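Engineer: Before anything else, here's the structure in question.
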Amino acid sequence: MLYSFKEYQLIVDFYGDQKAQRSQVPLINHINEGLVILNAIAANKTAQKAYCLHPILQNDEALVQNFRANFEGIAPQVMIATIEYRSVANSYLSQHKTQAIDDIRLSPLPEVNNMLIADKVQNRKDFELYHQNTHPRSEKLAKYFQQWLRRLGVSEEQYQNLVKLIA
């Protein structure tokens, strides 16, 4: 196990040996690479732990399915950050109508914004590696990632430097 905290073990158990449908990359890779990014941007442990939990509660189906999951021993701040992440991330998804960058809502919690940075950097990296120019919505997805990263204050140079850490 790469990380010793409980939240990491929960996501390892949740994902099991599942792989992404298109790329066949293990789903846990998203968490592992996101944690590298969170460490690189000096995100605190609350952000790192909540990042581990975010897929368990992110979409409506997962929220309903895991509503009664045993989160005993998880700090309330971690759970709050996980739910806040869900709220902010789901307010602007790639299938939504393109918004002005300033209309993309950020969180008042720096932990959540750091989680969003890790998520969008990691997802954009995978998109560029496995889906760019082959996905039916490739152009729209490229713009989506650019908008999120600009809104989060991540320059193209910063993005490239973070990607080098997970490539």
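The values are calculated or read from the model by the stated rules, or taken from the named source; none is laboratory data. The model shown is predicted, which means the values in this text are computed figures rather than measured ones. Note that each Cβ is placed from the backbone with ideal geometry, even for glycine, and that neighbours are counted across all protein chains shown.
Engineer: Kindly list the number of the only condition in (1) within 14 Å of the chain's Cα centre (by Cα); (2) more than 18 Å from Val154 (Cβ to Cβ) that fails for Leu63.
Structural biologist: Tallying (1) within 14 Å of the chain's Cα centre (by Cα); (2) more than 18 Å from Val154 (Cβ to Cβ), Leu63 fails exactly one: (1).
Engineer: Given the residues Ala42, Ala75, which is the only one that is at pLDDT 95 or above, out of contact with any strand residue (DSSP E or B) (no Cβ under 6 Å at 6 or more places or on another chain) and at positive phi?
Structural biologist: Working: Ala75 fails: at positive phi.
After ruling out the rest, the residue left standing is Ala42.
Engineer: Check the range 123-134 and report whether any residue there is in contact (Cβ under 8 Å) with a residue 40 or more places away in the chain and either at positive phi or charged (D, E, K, R) (or both).
Structural biologist: First, pick out the residues of the range 123-134 that are in contact (Cβ under 8 Å) with a residue 40 or more places away in the chain: 123, 125-126, 129-131.
Next, only the ones that are either at positive phi or charged (D, E, K, R) (or both) stay: 125-126.
Looking for residues that are in contact (Cβ under 8 Å) with a residue 40 or more places away in the chain and either at positive phi or charged (D, E, K, R) (or both), one finds at least one in the range 123-134, hence yes.
Engineer: Of the conditions (1) surrounded by 13 or more Cβ atoms within 10 Å (Cβ to Cβ); (2) assigned to a helix (DSSP H, G or I); (3) in contact (Cβ under 8 Å) with a residue 40 or more places away in the chain, Asp102 fails just one. Which one is it?
Structural biologist: Of (1) surrounded by 13 or more Cβ atoms within 10 Å (Cβ to Cβ); (2) assigned to a helix (DSSP H, G or I); (3) in contact (Cβ under 8 Å) with a residue 40 or more places away in the chain, only one is false for Asp102: (1).
Engineer: Checking the conditions here, which among Ile11, Ile74 is more than 12 Å from the chain's Cα centre (by Cα), in contact (Cβ under 8 Å) with a residue 24 or more places away in the chain, in a helix (DSSP H, G or I) and over 24 Å from Leu152 (Cα atoms)?
Structural biologist: Details: Ile74 fails: in a helix (DSSP H, G or I).
It is Ile11.
Engineer: (1) part of a loop (DSSP other than H, G, I, E, B); (2) modelled with pLDDT of 95 or more: which one isn't true of Ala50, the others all being true?
Structural biologist: Status for Ala50: all satisfied but (1).
Engineer: Ok, one more. Please state which one of Ser94, Ser107, Ser23 is part of a loop (DSSP other than H, G, I, E, B), of a type outside the set (A, V, I, L, M, F, W, C), modelled with pLDDT of 95 or more and surrounded by fewer than 20 Cβ atoms within 10 Å (Cβ to Cβ). First the steps, then the outcome.
Structural biologist: On the way: Ser94 fails: modelled with pLDDT of 95 or more; Ser23 fails: modelled with pLDDT of 95 or more.
On inspection, the qualifying residue turns out to be Ser107.
Engineer: Residues to consider are Lys140, Lys125; find the one that is at pLDDT 95 or above, part of a helix (DSSP H, G or I) and among the basic types (Lys, Arg).
Structural biologist: Values: Lys140 fails: at pLDDT 95 or above.
After ruling out the rest, the residue left standing is Lys125.
Engineer: List the number of the failed condition for Pro55; all other conditions in (1) touching an Asp or Glu at 6+ places or on another chain (Cβ under 7 Å); (2) part of a helix (DSSP H, G or I); (3) surrounded by fewer than 22 Cβ atoms within 10 Å (Cβ to Cβ) hold.
Structural biologist: Going through (1) touching an Asp or Glu at 6+ places or on another chain (Cβ under 7 Å); (2) part of a helix (DSSP H, G or I); (3) surrounded by fewer than 22 Cβ atoms within 10 Å (Cβ to Cβ) one by one, Pro55 breaks only (1).
Engineer: Quick check on this structure: which one of Asn39, Asn32 is surrounded by 12 or more Cβ atoms within 10 Å (Cβ to Cβ), closer than 27 Å to Asn161 by Cβ and free of Cβ contacts under 8 Å to residues at least 24 places away in the same chain? Walk me through how you get there before you give the answer.
Structural biologist: Details: Asn32 fails: free of Cβ contacts under 8 Å to residues at least 24 places away in the same chain.
Result of the check over Asn39, Asn32: Asn39.
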